[in-house]
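So the structure is just underneath, and the comments pick up after that.
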Amino acid sequence: MKMELSQASRWYGNVVAVNDVTMTIGPGVTGLLGPNGAGKSTLLHMMAGFLAPSGGTVTLDGTRVWKNHHIYRNIGLVPEREGVYGFLTGWQFVLSAARLQGLPDPVEAARKALAIVEMEEPKDRRVETYSKGMRQRVKVAAALVHDPPVLLLDEPFNGMDPRQRLHLMDLIRTMGTAGKTILFSSHILEEVERVAQHIEVLVAGRHAASGDFREIRRLMTDRPHLFRIRSSDDRRLAAALMLDSSAGGVALGADGLEVRAIELRRFAWLLPRVARAEGIRLLEVSPADEDLESVFSYLITRSTS
């Protein structure tokens, strides 16, 4: 299934939380990336039908989401805020979600959902006794209990220990590969980089970028690219590269060269030719700034300037 936002906005009085966002979320795993206060939760709540857009539209396979209770058969939501009743056991909480969905066998559905998130052992304890990570996992179980084709997850890894985070990351990747449409928000770059095949970047309520973060970085031609290079003769290679204008700076260190490429295409063409002409073997050439943190920092600077 496919979710689409067309010029969607949401404001509270004079405060604009989401501003004219247009994007399409299809099957697979998409990361919604942005700093705290960027409008990620507001956007997810509009997509889940909990908030009306102040402007624009939000649709699921062409059907408007707002005031359409039928969509909840196809959507599972894990909110960032605690949405659990502490006096219930984990089993009761997930079972109630299964019954609200009108499933033919809610007991079996609840059992399967708790097994998926590895919460079978503590399921009979009251939710108020759970750790933050356990509460997150039981919320995920409730969202999965009706096996929805669309999952909206707001900061799902909050409070989880490393093992729990890795398990949920694997689960999300597996479900995305199976064809579910999954959008999860995070302000932690490493989480998005490890899980998502596609990213949407939200900065100050605006849609700042969309796509694979490496592709986005390659489109940033107004800023130099950094490369780390190791070769059989770093000093001679540095001297040769500095003769060309495509290399804006070359730093020689104990671990090789760091080269700032001003003209990326020319530098990519130049490097192997210079090495061959000088009789130098290239041992390693790797981008030094193609990680998600570098992309994110650039996008924030560009969007707020």
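Bear in mind that the values in this text are calculations on the coordinates, not laboratory data. Values in this document were obtained by computation on a predicted structure and should not be read as measured data. So basically every Cβ, Gly included, is an ideal-geometry build from the backbone, and we count neighbours across all protein chains shown.
Please report the net charge: other residues with Cβ closer than 11 Å to the Cβ of Arg173, K and R +1, D and E -1.
Taking every other residue near Arg173 into account, the sum is +1.
Considering only the other residues whose Cβ falls under 12 Å of the Cβ of Arg236, what net charge follows from Lys and Arg at +1 and Asp and Glu at -1?
Once all neighbours under 12 Å are counted, the net charge is -1.
Among 99-111, 190-202, how do they line up from the highest to the lowest mean number of other beta-carbon atoms within 10 Å?
Sorting 99-111, 190-202 by mean packing, highest first, produces 190-202, 99-111.
Given Pro156, Ala178, Pro287, which one lies farthest toward the positive end of the charge dipole of the chain, if we put +1 on the Cβ of every Lys and Arg and -1 on the Cβ of every Asp and Glu?
In the chain, that residue is Ala178.
Given a 10 angstrom Cα cut-off, can you work out which residue in Arg266, Arg276, Arg165 is the most mobile in a GNM of the chain?
Result: Arg276 has the largest fluctuation of those listed.
Per residue of segment 120-137, in order, report the coupling 6.51 cos²θ - 1.76 cosθ + 1.60 (Karplus, θ = phi - 60°) as ³J(HN,Hα) in whole Hz, putting x for Gly and Pro.
5, 5, x, 5, 8, 8, 5, 4, 5, 8, 6, 6, 4, x, 5, 5, 4, 5
Among Glu121, Glu263, Glu284, which comes first, second and so on when ranked by fewest other beta-carbon atoms within 10 Å?
Glu121, Glu284, Glu263
Starting from the exponent 0.38 and prefactor 2.2 Å, build the expected Rg for the chain from its residue count and divide its actual Cα Rg by it.
So the Cα radius of gyration is 1.23 times the expected 2.2 N^0.38 Å.
Taking every DSSP beta bridge with both residues inside the chain, roughly what % is antiparallel (nearest 5)?
The antiparallel fraction comes to roughly 65 percent.
Between Arg126 and Glu258, what's the calculated FRET efficiency when r is the beta-carbon distance and R0 is 51 Å? Round to 0.05.
Rounded to the nearest 0.05, the efficiency is 0.40.
Enter the Cα centre distance for the pair segment 109-178 and segment 1-19, rounded to the nearest angstrom.
28
Give the average over all directions of the projected area of the C-alpha convex hull of segment 219-288, one decimal, in nm².
Average of the hull's projected areas for segment 219-288 equals 4.2 nm².
Give me the net charge of Thr24's neighbourhood, meaning all other residues with Cβ under 13 Å from the Cβ of Thr24; Lys, Arg count +1, Asp, Glu -1.
With Lys, Arg at +1 and Asp, Glu at -1, the neighbours total -2.
Spelling out what I want: for every residue of segment 267-283, take phi, set θ = phi - 60°, compute 6.51 cos²θ - 1.76 cosθ + 1.60 (Karplus), and round to whole Hz; glycine and proline get x.
5, 5, 6, 6, 3, x, 6, 5, 4, 5, 5, 8, x, 10, 8, 8, 9
Past the 21 Å Cα-Cα mark, which pairs from Lys112/Lys180; Lys2/Lys180; Lys132/Lys180?
In this structure, Lys132/Lys180 exceed 21 Å between Cα atoms.
About its Cα centre, what dipole magnitude does the chain give when the only charges are +1 on Lys and Arg Cβ and -1 on Asp and Glu Cβ, stated in debye to the nearest 20?
So the magnitude is around 340 debye.
Taking the number of other C-beta atoms within 10 Å as the exposure measure, put Phe87, Phe157 in order starting with the fewest.
By the 10 Å Cβ count, ascending, the order reads Phe87, Phe157.
When Phe50, Phe267 are ordered from fewest to most other Cβ atoms inside 10 Å of their Cβ, what list results?
Exposure proxy ranking, most exposed first: Phe50, Phe267.
Each label point is 7 Å from the Cα along the Cα-to-Cβ direction; what then is the distance between the points at Arg214 and Phe50, in nm?
3.5
Give me the extension gain from Arg81 to Tyr12: residue separation times 0.36 nm, minus the current Cα-Cα distance, reported in nm with one decimal.
Computed gain between Arg81 and Tyr12 is 22.9 nm.
What are the ³J(HN,Hα) couplings of segment 34-48, residue after residue, when phi is run through the Karplus curve with 6.51, -1.76, 1.60 and θ = phi - 60°? Round to Hz, x for glycine and proline.
So the Karplus estimates, Gly and Pro as x, are x, x, 4, x, 6, x, 4, 5, 4, 4, 5, 5, 5, 5, 8 Hz.
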